[in-house]
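Asker: Sharing a structure with you now.
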Amino acid sequence: MDLTKLTLSEALAGLKAKKFSATELTQSHIKRIEASKHLNAFITETPDLALSSAENSDNRIARGEMLPLDGIPLAIKDLFCTQGIKTTAGSHILGNFVPHYESTVTSNLWKAGGIMLGKTSMDEFAMGSSNLTSAFGPVINPWHVEGNDKKYVPGGSSGGSCAAIAGDLALGATATDTGGSIRQPASFCGIVGIKPTYGRCSRWGIVAFASSLDQAGPVTKTVEDAALMLEVMAGHDPKDATSVNRPVPHYSKSIGQSIQGLKVGIPKEYRVDGMNKEVAALWDKGIEWLKESGAEIVDVSLPHTKYALPTYYIIAPAEASSNLARYDGIRFGHRSSSAQSLDDLYELTRSEGFGNEVKRRILIGTYALSAGYYEAYYIKAQKVRRLITQDFEEAFKKVDVMLTPTVPSAAFAIGEEPKDPISMYMMDVLTVTLNLAGLPGISIPAGINNEGLPLGLQLISPAFEEERLFKVGAVIEKAADFSKQIEKLRKAS
Ligand code: GLN
């Protein structure tokens, strides 16, 4: 049996029944990582640490003291600080930064028995939709198109984590989402990714991009696996003032529940210009699946949707320019060796350490916050953000969840990416609204386009109603029968 083909929940059941050990499970994944170097999914691998953690898991399991995620090999986005292990945020500016503390989310995973396989690549400081901005080279999507030898992007910014799951290198991975970075790469890689409500997971120890938008979440092979991981990752943390003190539900209990009578909203403004025909057709299919399962479909309107991208691309860079001011070459990370004065040191360190996309964001953000433009851009964007949130509040008076596609298109080939930054930003058009409103959203692999690349559907719920996303997500997952579609595809090719 190839243990890397299991889902997280199947692996838990197998470990519990002592069909295999955590050490065997971990070894299989380490081998698979070794054989998959061409994907470039990891920046740092930690096989020795993984094997010693697996031994601890095996001892606990033998004593009958198995923890909720005991023995499960996981990949960690390199934005999460990990004690004693290099953390790069996909950037050269952090140099050989080794945190002396552990992020709350990863520490929750280790306390639950999870095993770290390594740190995954990502767009630099989580800015991007392709993983092409990583300082450690592009990550390759494990999906490819029969008949051509092009390499496809995994999406971003959590591209390494998503490629690791799609390529069977780990059973679950952590990711973060500021404007779509969990859901968009999950869609491109044919896996599940959930961005929880803002405040559900602690941001403590996660390198900050845009603090009012950033949120951590899991990426996994199935909806149930995502529920199992979020149960452990979520929770109140006094070290993060924006983390919310509410009990964490047993998300996995939502799987398999009926959606009879549930009201599903279809926001008409999400039929955006440039939406791929196959994506639009998949959306219609998703509507049919939910109807057949007893849900009621209701048209809703989110009138301020068209302002979401410009609003996001003011607020996110503004917060980023402030958060990234700390990388000055003095306290940690890279320091230019050719500086002659203090000003030189700042300038050279930052010019050498940051990549182009990060520099672009810092420039936009600094401009939007500068005297004279602050009211015209930043304050205005905050007001529009409020209107976008109100749109959702109004719509959720009529419906329980909403269904939309995750991204207007499938993954693109490396070298065929949109060349101007604005077209790249369009990748986020269906996802950023949720970050602006603080709402949770899940991407479910639901279809395959005629080239053979995966497409995702997104479900949105009111704040702290993630259970609905798991419940409805499991229905879509079952109806789409995605794994069967993959098998069919493999046979046909
Ligand atoms: N692609 C978006 C951006 O570049 C979102 C990134 C993210 O969610 N971290 O900002």
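The values are calculated or read from the model by the stated rules, or taken from the named source; none is laboratory data. What you are looking at is a predicted structure, and each value in this text was computed from that prediction instead of being measured. Methodologically, a virtual Cβ is constructed for each residue, glycine included, from the backbone with ideal geometry; neighbour enumeration extends over all protein chains shown.
Asker: On the basis of being in a loop (DSSP other than H, G, I, E, B) and either buried (at least 24 other Cβ atoms within 10 Å of the Cβ) or in contact (Cβ under 8 Å) with a residue 24 or more places away in the chain (or both), does Ser187 make the cut?
Answerer: no
Asker: Okay, moving on. May I ask you to say which residue of Asp149, Asp168 is in a loop (DSSP other than H, G, I, E, B), away from the ligand (no atom under 11 Å from the Cβ), at pLDDT 95 or above and over 20 Å from Met424 (Cα atoms)?
Answerer: On inspection, the qualifying residue turns out to be Asp168.
Asker: Okay, moving on. Of the residues Glu451, Glu393, Glu416, only one is more than 16 Å from the ligand (Cβ to nearest atom), part of a helix (DSSP H, G or I) and of a type outside the set (Lys, Arg); which?
Answerer: Going through Glu451, Glu393, Glu416 in turn, just one is more than 16 Å from the ligand (Cβ to nearest atom), part of a helix (DSSP H, G or I) and of a type outside the set (Lys, Arg): Glu393.
Asker: For residues in the stretch 419-438 being in contact with a Phe, Trp or Tyr (Cβ under 7 Å, 6 or more places away or on another chain) and among the hydrophobic types (A, V, I, L, M, F, W, C), which is farthest from the ligand (Cβ to nearest atom)?
Answerer: Ranking the qualifying residues of the stretch 419-438, first place goes to Ala437.
Asker: Being within 15 Å of the ligand (Cβ to nearest atom), aliphatic (A, V, I, L, M) and closer than 23 Å to Val432 by Cα is the requirement here; does Ala126 meet it?
Answerer: yes
Asker: Against the definition (touching a helix residue (DSSP H, G or I) at 6+ places or on another chain (Cβ under 8 Å) and outside any loop (DSSP other than H, G, I, E, B)), how does Leu213 come out, yes or no?
Answerer: Spelling it out, it is not the case that Leu213 is touching a helix residue (DSSP H, G or I) at 6+ places or on another chain (Cβ under 8 Å) and outside any loop (DSSP other than H, G, I, E, B).
Asker: Tell me whether the stretch 476-483 contains one or more residues that are modelled with pLDDT under 95 and either within 16 Å of the ligand (Cβ to nearest atom) or in a helix (DSSP H, G or I) (or both).
Answerer: Looking for residues that are modelled with pLDDT under 95 and either within 16 Å of the ligand (Cβ to nearest atom) or in a helix (DSSP H, G or I) (or both), one finds at least one in the stretch 476-483, hence yes.
Asker: May I ask you to say which residue of Ser301, Ser322, Ser293, Ser338 is free of Cβ contacts under 8 Å to residues at least 24 places away in the same chain, of a type in the set (Gly, Ala, Ser) and surrounded by fewer than 18 Cβ atoms within 10 Å (Cβ to Cβ)?
Answerer: Answer to the selection: Ser338.
Asker: Do you know which residues across the stretch 43-77 are in contact (Cβ under 8 Å) with a residue 24 or more places away in the chain and either in a strand (DSSP E or B) or hydroxyl-bearing (Ser, Thr, Tyr) (or both)?
Answerer: Ile43, Thr44, Glu45, Thr46, Ser53, Ser57, Pro73, Leu74, Ala75, Ile76, Lys77 - these are the residues of the stretch 43-77 that are in contact (Cβ under 8 Å) with a residue 24 or more places away in the chain and either in a strand (DSSP E or B) or hydroxyl-bearing (Ser, Thr, Tyr) (or both).
Asker: Quick check on the stretch 187-228: of everything there that is out of contact with any Leu (no Cβ under 7 Å at 6 or more places or on another chain) and of a type in the set (Val, Ile, Thr), which residue is farthest from the ligand (Cβ to nearest atom)?
Answerer: Per the stated criteria, the residue is Thr222.
Asker: Give me the pairs: first residue in the stretch 80-96 and on the phi > 0 side of the Ramachandran plot, second residue surrounded by 24 or more Cβ atoms within 10 Å (Cβ to Cβ) and among the polar types (S, T, N, Q), beta-carbon distance under 8 Å, and six or more apart or on different chains, which are they?
Answerer: Hits for this filter: Gly90/Ser121; Gly90/Thr133; Gly90/Ser134; Gly90/Ser157.
Asker: Ok, one more. Residues that are closer than 20 Å to Gly90 by Cα and away from the ligand (no atom under 16 Å from the Cβ): list the helices (runs of 4 or more DSSP H) wholly contained in the stretch 289-369 that include at least 2 such residues.
Answerer: So the answer is 342-353.
Asker: For the condition at pLDDT below 95, part of a loop (DSSP other than H, G, I, E, B) and more than 17 Å from the chain's Cα centre (by Cα), what is the one hit in Gly113, Gly95?
Answerer: Exactly one residue qualifies, and that residue is Gly95.
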